[in-house]
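Take a look at the structure below.
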Amino acid sequence: MENKRLYSPKQIREVLDRHGFTFSKGLGQNFLIDGNIVRNIVKGAGITKDDYVLEIGPGMGTLTEELALNAKKVVAIEIDNRLKPVLEETLLPYHNAEVVFGDVLKLPLRQIIDEKCQGGPVKVVANLPYYVTTPIIIKLLEEGLPFNSITVMVQKEVADRMVAKPHSKDYGSLTLFVGYYTIPEIVLKAPKSVFMPQPKIDSSVIKLTLRDSLPNVDPDKYFKVVRAAFLKRRKTLLNSLSSKEINADKDEIREALKKAGIDEGLRAENLDMNDFIKIANELPNI
Ligand code: SAM
């Protein structure tokens, strides 16, 4: 049984050659060829037979197959029409897997989830090119689409920034953006060797679990404060926040920091998410 699974490099080569498929660098096509990684992504995503899964970028269906074996249903979105005959063959045995062709950034995701996943919430699983990953994470979070977690392969450095703690060099706007909506955790590390063709960089799989309730702050004001603070991360908070990004003068900033109980001489990286929330709540008119 094992050697019939898609993740065997021999099996992948055979299927792709038979279809005359060539990898597109532009679409970031690096396919997984390692069974342990494929199984551990699905395990890390916590997929059960009760779950509807929205997979983004199925490629030739390697991860889709493992998802279909573990989930109630998988709806996969793939941009490359050349993969149609390949996926028709590889997913033939899996009646609970369906592929929608199109660009995930342009398709009406809410409608797809309504029609094909009983309105969700879905679990999102993706191994995408890196230039699509951040925009899709932002889209899913900002549009409040019905999902409860995103498990996604990202560049190792991006995962490190998402889970970074205060006082570290990786800690910044991305940490505080992702942390506002979700609780992030690194599920596994994936060396270059688990892909065909091999990329130049190492990757990590990160799981972002949506918070039960969002922090009590206006998100626009919170993100404004965070962005201004980290734009000049070497400056003191009083100076970094006294910038054109923020519609308040230095005295108002000083007063807000005082009311929030935060030393104006600290720097952005010394503050945790609650500190930024307190500051934003003291600056209601920015
Ligand atoms: N999931 C497969 C695997 O792990 O072997 C393939 C991963 S490959 C890194 C990324 C896949 O995303 C490719 O199949 C590519 O065609 C697809 N893709 C790229 N941009 C996309 C987009 N905007 N919308 C949907 N799929 C996209």
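Condition check: surrounded by 11 or more Cβ atoms within 10 Å (Cβ to Cβ) and either part of a helix (DSSP H, G or I) or away from the ligand (no atom under 12 Å from the Cβ) (or both). Does Gln11 satisfy that? Even if it seems obvious, please write down each step before you answer.
On the way: surrounded by 11 or more Cβ atoms within 10 Å (Cβ to Cβ): yes; either part of a helix (DSSP H, G or I) or away from the ligand (no atom under 12 Å from the Cβ) (or both): yes.
The answer is yes for Gln11.
Applying the condition of being over 30 Å from Ile37 (Cβ atoms) and in contact (Cβ under 8 Å) with a residue 60 or more places away in the chain to the stretch 194-253 and asking which residue is nearest to the chain's Cα centre (by Cα) yields Pro215. Of the residues Leu91, Leu83, Leu107, only one is modelled with pLDDT of 95 or more, within 12 Å of the ligand (Cβ to nearest atom), buried (at least 22 other Cβ atoms within 10 Å of the Cβ) and not acidic (Asp, Glu); which? That would be Leu83, the only listed residue that is modelled with pLDDT of 95 or more, within 12 Å of the ligand (Cβ to nearest atom), buried (at least 22 other Cβ atoms within 10 Å of the Cβ) and not acidic (Asp, Glu).
Please specify each residue of the stretch 273-286 satisfying the condition of being surrounded by 15 or more Cβ atoms within 10 Å (Cβ to Cβ) and either assigned to a helix (DSSP H, G or I) or of a type outside the set (A, V, I, L, M, F, W, C) (or both).
So the first thing to find is which residues in the stretch 273-286 are surrounded by 15 or more Cβ atoms within 10 Å (Cβ to Cβ), and the list is 273, 275-283, 286.
Once the filter is applied, which keeps residues that are surrounded by 15 or more Cβ atoms within 10 Å (Cβ to Cβ) and either assigned to a helix (DSSP H, G or I) or of a type outside the set (A, V, I, L, M, F, W, C) (or both), the stretch 273-286 yields Met273, Asp275, Phe276, Ile277, Lys278, Ile279, Ala280, Asn281, Glu282.
Would you mind stating whether Asp263 is of a type in the set (D, E, K, R), part of a loop (DSSP other than H, G, I, E, B) and modelled with pLDDT of 95 or more?
Details: of a type in the set (D, E, K, R): yes; part of a loop (DSSP other than H, G, I, E, B): yes; modelled with pLDDT of 95 or more: yes.
The answer is yes for Asp263.
Of all the criteria given as (1) more than 15 Å from the ligand (Cβ to nearest atom); (2) under 19 Å from Ile41 (Cα atoms), the one not satisfied by Ile77 is (1). Taking the stretch 93-181 and the strands (runs of 3 or more DSSP E) fully enclosed by it, the elements with 1 or more residues that are at negative phi and basic (Lys, Arg) are at 122-126. Among the candidates Ser193, Ser242, Ser204, the residue that is surrounded by 18 or more Cβ atoms within 10 Å (Cβ to Cβ) and closer than 30 Å to Phe23 by Cβ is uniquely Ser204. Looking across the stretch 17-75, the residues that are over 21 Å from Glu98 (Cβ atoms), part of a loop (DSSP other than H, G, I, E, B) and without any contact (Cβ under 8 Å) to a residue 40 or more places away in the chain come down to Gly20, Thr22, Lys25, Gly26. Residues in the stretch 148-159 that are of a type outside the set (Asp, Glu), open to solvent by 10 Å² or more (accessible area, probe 1.4 Å) and away from the ligand (no atom under 16 Å from the Cβ): Asn148 alone.
I need the full set of residues from the stretch 160-170 which are over 11 Å from the mean Cα position of the chain (by Cα) and open to solvent by less than 30 Å² (accessible area, probe 1.4 Å), in order please. Of everything in the stretch 160-170, just one residue is over 11 Å from the mean Cα position of the chain (by Cα) and open to solvent by less than 30 Å² (accessible area, probe 1.4 Å), namely Ala164.
Under the condition of being closer than 14 Å to Asn127 by Cβ and away from the ligand (no atom under 11 Å from the Cβ), the residues counted in the stretch 55-74 number 1. Suppose the filter is crowded, with 20+ Cβ neighbours inside 10 Å and either of a type in the set (Ser, Thr, Tyr) or more than 10 Å from the ligand (Cβ to nearest atom) (or both); does Thr22 pass it? Against the criterion (crowded, with 20+ Cβ neighbours inside 10 Å and either of a type in the set (Ser, Thr, Tyr) or more than 10 Å from the ligand (Cβ to nearest atom) (or both)), Thr22 does not qualify.
The values are calculated or read from the model by the stated rules, or taken from the named source; none is laboratory data. The structure displayed is predicted, hence computed values, not measured ones. When we count neighbours, we look across all protein chains shown, and the Cβ atoms used for this are built from the backbone with ideal geometry, even at glycine. Note: areas computed on protein heavy atoms with side chains; ligands, DNA, RNA excluded. Shrake-Rupley method; radii C 1.70, N 1.55, O 1.52, S 1.80 Å.
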